[in-house]
Amino acid sequence: MTEKLSESGRETLLAPLYATGWELDAEKDVLKKTFKFEDFTEAFAFMTRAALWAEKWDHHPDWSNGYNKVTVKLTTHDVGGVTALDAKLARKMDQILA
Ligand SMILES: C[C@H](O)[C@H](O)[C@H]1CNC2=NC(N)=NC(=O)C2=N1
């Protein structure tokens, strides 16, 4: 069963994400990042690639797209907070752009 990250788990798994622009909404326990692209098609292509990983891992973002921006929020609804699954999907989203 996936569990909310412990303090040490957060230091290990979330610190690298903060370095790439992810932020933690501590009150809601949600990871958030806004990605900016050249245009809408680039933004949508990113969402398409990320969606395939989300479906493969059965772990899905709460996200919105406005023209060339994609705002992503990651949390694990089943446990009401950030888990290793959220960190994994966040890393993958960053990797898609690398
Ligand atoms: C039934 C299905 O496996 C669950 O609802 C999965 C789907 N995707 C999910 N995504 C996220 N972000 N959190 C969840 O708890 C979650 N649960």
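The values are calculated or read from the model by the stated rules, or taken from the named source; none is laboratory data. Predicted model, so just to flag it, every value in this text is computed and none were measured. Quick reminder, even Gly has a Cβ in these numbers, built from the backbone with ideal geometry, and neighbours come from all protein chains shown. Ligands, DNA and RNA are excluded from the accessible area calculation, which covers all protein heavy atoms including side chains. Shrake-Rupley method; radii C 1.70, N 1.55, O 1.52, S 1.80 Å.
So which residues in the stretch 14-61 are open to solvent by 70 Å² or more (accessible area, probe 1.4 Å) and free of Cβ contacts under 8 Å to residues at least 24 places away in the same chain?
Y18, A19, E23, A26, E27, T41, F44, L52, E55, K56, D58, H60
Any idea which of L31, L89 is within 13 Å of the ligand (Cβ to nearest atom), in a strand (DSSP E or B) and aliphatic (A, V, I, L, M)?
L31
I'd like the full set of residues that are under 16 Å from R91 (Cα atoms) and either open to solvent by 80 Å² or more (accessible area, probe 1.4 Å) or within 16 Å of the ligand (Cβ to nearest atom) (or both), limited to the stretch 1-13. Working first, answer last.
So the first thing to find is which residues in the stretch 1-13 are under 16 Å from R91 (Cα atoms), and the list is 5, 9-13.
Once the filter is applied, which keeps residues that are under 16 Å from R91 (Cα atoms) and either open to solvent by 80 Å² or more (accessible area, probe 1.4 Å) or within 16 Å of the ligand (Cβ to nearest atom) (or both), the stretch 1-13 yields L5, E11, T12, L13.
Go through the stretch 44-71 and report how many residues are within 11 Å of the ligand (Cβ to nearest atom) and either of a type in the set (V, I, T) or touching a strand residue (DSSP E or B) at 6+ places or on another chain (Cβ under 6 Å) (or both).
3
Given (1) open to solvent by 60 Å² or more (accessible area, probe 1.4 Å); (2) among the small types (G, A, S); (3) within 10 Å of the ligand (Cβ to nearest atom), identify the lone condition not met by G80.
Of everything listed in (1) open to solvent by 60 Å² or more (accessible area, probe 1.4 Å); (2) among the small types (G, A, S); (3) within 10 Å of the ligand (Cβ to nearest atom), G80 misses just condition (1).
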